[in-house]
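Only one structure is covered here, and it is reproduced in the block below.
The values are calculated or read from the model by the stated rules, or taken from the named source; none is laboratory data. Predicted, not measured: the structure shown is a model, and the values here were computed from it. Using ideal geometry, Cβ is built from the backbone for each residue, glycine included, and neighbour counts are taken over all protein chains shown. Heavy atoms of the whole protein, side chains included, go into the accessibility calculation; ligands, DNA and RNA do not. Shrake-Rupley method; radii C 1.70, N 1.55, O 1.52, S 1.80 Å.
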Amino acid sequence: MAAVHELSRTDARRIAVRAQLLTKQRPTDLLETVRQLSLLQLEPTNAIAPSAELVLWSRLGSAFDPRELWGAVDEQRLIELRQALRVADDIALFRAEMAEWPGPGELRGWQKEARDWVVANNACRRDILERLRADGPLPASELPDTCVVPWQSSGWNNNRNLRMMLDRLVQRGEVAAAGGTGRGRLWDLASRVYPDDPVPSVEEAQRLRDERRLRSLGIARVASTKLPFEPVDVGEIGEVAVVEGTRGQWRVDPAQLGQPFAGRAALLSPFDRLLADRKRISEVFEFDYILEMYKPATARMWGYYALPILYGDRLVGKLDAKADRDAGELRITAVHRDVPFSKAMTAAIDSEIRDLARWLDLELVLPD
């Protein structure tokens, strides 16, 4: 039986930070950075910059040009799937699940409803596929909505038939995002977008995805609450570890054990993968953070879109900032310090703030 690795909180934090490419030795290649991170979450809020761009700037620095990211999307070197951008050769790890849509074995109620809705609107499905086959890639505005049974929802997707049909066709592996994002997203037949790579079995694909996730996170939980976006657990992948001051067992990437660590300052997107597991952030990093853009302004402690501040292996505060592009300004409202800042910390964090303004090509406006 393999030994259990006993890690201090410092050990665990450094493993996580190193795996997320946030050490002093910055990466230089965009695609290899995304490969190591495993994904870039797509989130439309643009209070400072789109989250995917902020995540890459945090790693690559101000040499990163967002046009390179979106060029890779348009060239399908990065492909959008499940609200995230992924390197093209990872898409094969999802295609076995697509082939089994709406799922293996006994179906849950919502799976049956989705299946029955697509069957009821099969003519609409075929119309979309035929239009893409003839003229794709196309924006959604140029695709037909010939659904005879509307999508029923108590939320904002009620009667949004075309959007929901496209989502189902992506899940079935018939349609894929083919460049662009948001309202400018293009759609095409999946067979013309996804690489023709061998598709592993569902079980093998799950194992490989867990391996990639652990390589990206460095240290993760065995199991967690199911999340709608991307899991933060890795099952039995990796090696068993316990972390001082935390409950239960963790799984650690053995390749990260015993590696040297040289930290730096970094400003993080609220949707950064370092922050994805809130329990890990609380127990291992001992960091209190909630994205407050959904709160009333009077109830916010740190700001609408506060950026967590990393220094070395610690999350030490939050930056309340906003990009006002009409005025050409990056306005800093506050730097919330969770711990006392030394002179070295202050200088390094101030340098990152100035670099953020340069990268955005905005004038830095500091609080009075």
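For Cα pairs less than 8 Å apart in space and 6+ apart in sequence, what is the mean separation divided by the residue count of segment 1-90, i.e. the relative contact order in percent?
About 27 percent, as a whole number.
Roughly what percent of Cα-Cα pairs across segment 216-301 reach past 14 Å? Mind dumping the intermediate values first?
Numbers: 2603 of 3655 pairs.
Here the tail beyond 14 Å accounts for 71 percent of pairs.
With unit charges on the beta carbons (Lys and Arg positive, Asp and Glu negative) and the dipole taken about the Cα centre of segment 1-113, which residue among L21, A84, P102 sits farthest to the positive side?
Toward the positive end, the furthest listed residue is L21.
For segment 21-81 and segment 174-208, what is the separation of their C-alpha centers, rounded to whole Å?
After rounding, the separation between the Cα centres reads 19 Å.
Please report, largest first and rounded to whole Å, the three semi-axes of the ellipsoid equivalent to segment 57-131, where each semi-axis is the square root of five times an eigenvalue of the C-alpha gyration tensor.
35, 17, 11
Ignoring any ligand, DNA or RNA, what whole percent of the accessible area of segment 280-327 comes from carbon and sulfur when the probe is 1.4 angstrom? Working shown, then result.
On the way: 1070 of 2100 Å².
Of all accessible area on segment 280-327, carbon and sulfur atoms account for 51 percent.
What dipole magnitude, in Debye to the nearest 20, does the chain give about its Cα centre under +1 on Lys/Arg Cβ and -1 on Asp/Glu Cβ?
The dipole of the chain has a size of about 560 debye.
Where does the chain land at 222 nm, in deg cm²/dmol rounded to the nearest 500, when only DSSP H runs of n ≥ 4 count, each adding -39500 (n - 2.57), divided by all residues?
Numbers: 12 runs with 127 residues, N = 368.
Calculated at 222 nm, the ellipticity per residue is -10500 deg cm²/dmol.
With a 1.4 Å probe and all protein chains left in place, how much of the accessible area of segment 80-143 comes from carbon and sulfur atoms, in whole percent?
Of the solvent-accessible surface of segment 80-143, carbon and sulfur hold 46 percent.
For segment 165-250, what is the convex hull (Cα atoms) projected area averaged across all directions, in square nanometres?
7.8 nm²
Relative to the Cα centre, what is the charge dipole magnitude of segment 184-301, using +1 at the beta carbon of each Lys and Arg, -1 at the beta carbon of each Asp and Glu, and rounding to the nearest 20 debye?
Rounded to the nearest 20 debye, it is 420 debye.
Give the average over all directions of the projected area of the C-alpha convex hull of the chain, one decimal, in nm².
Averaging across all directions leaves 20.9 nm² for the Cα convex hull.
Return a whole-number percent for the relative contact order of the chain, with Cα pairs under 8 Å and 6 or more residues apart as the contact set.
Working: 607 pairs, mean separation 69.9, N = 368.
This gives 19 percent for the chain.
On average, how much area does the Cα convex hull of segment 9-165 cover when viewed from any direction, in nm²?
13.3 nm²
Just read off the accessible area of R185 with the full protein assembly in place, 1.4 Å probe, to the nearest 10 Å².
The accessible area comes out at roughly 50 Å².
Let me know the charge dipole size of segment 247-365 about its Cα centre in debye, to the nearest 20, where only the beta-carbon of Lys, Arg (+1) and Asp, Glu (-1) is charged.
Roughly 340 debye for segment 247-365.
Which of the three applies to segment 200-240, rounded, prolate or oblate, going by the alpha-carbon gyration tensor with a ≥ b ≥ c and a/c under 1.5 meaning rounded?
Verdict is oblate for segment 200-240.
Given N residues in segment 95-210, what is its alpha carbon radius of gyration divided by 2.2 N^0.38 Å?
Working: Rg = 14.9 Å, N = 116, 2.2 N^0.38 = 13.4 Å.
Rounded to two decimals, the normalised Rg is 1.11.
Return an integer: the convex hull volume of the alpha-carbon atoms of segment 313-356, in Å³ per residue. All intermediate terms of the calculation are to be shown ahead of the outcome.
On the way: hull volume 3.4 nm³, N = 44.
Dividing the Cα hull volume of segment 313-356 by its residue count gives 77 Å³.
Would you look at the GNM of the chain, springs on alpha carbons closer than 10 Å, and say which of R67, R314, R280 moves the most?
Looking only at R67, R314, R280, the largest GNM fluctuation is found for R67.
How many Lys pairs in the chain lie less than 27 angstrom apart by Cα atoms, where the lysines are 8 or more positions apart or on different chains?
Counting lysine pairs in the chain gives 13.
Going by a ≥ b ≥ c, the root eigenvalues of the Cα gyration tensor, does segment 166-209 fall in the rounded group (a/c under 1.5), the prolate group (a/b larger than b/c) or the oblate group?
prolate
Under a 1.4 Å probe, what is the accessible area of the chain per residue, stated in Å²?
49 Å²
So what's the convex hull volume per residue for the Cα atoms of segment 280-320, in Å³?
Enclosed volume per residue, from the Cα hull, is 61 Å³.
Carbon-plus-sulfur fraction of the accessible area of segment 187-259, 1.4 Å probe, in percent?
50 percent
Can you tally the net charge around A357? Count Lys and Arg as +1, Asp and Glu as -1, for every other residue whose Cβ sits under 13 Å from the Cβ of A357.
Numbers: positive: K322, R325, R331, R354, R358; negative: D324, E329, D350, E352, D355, D361, E363.
Residues close to A357 contribute a combined charge of -2.
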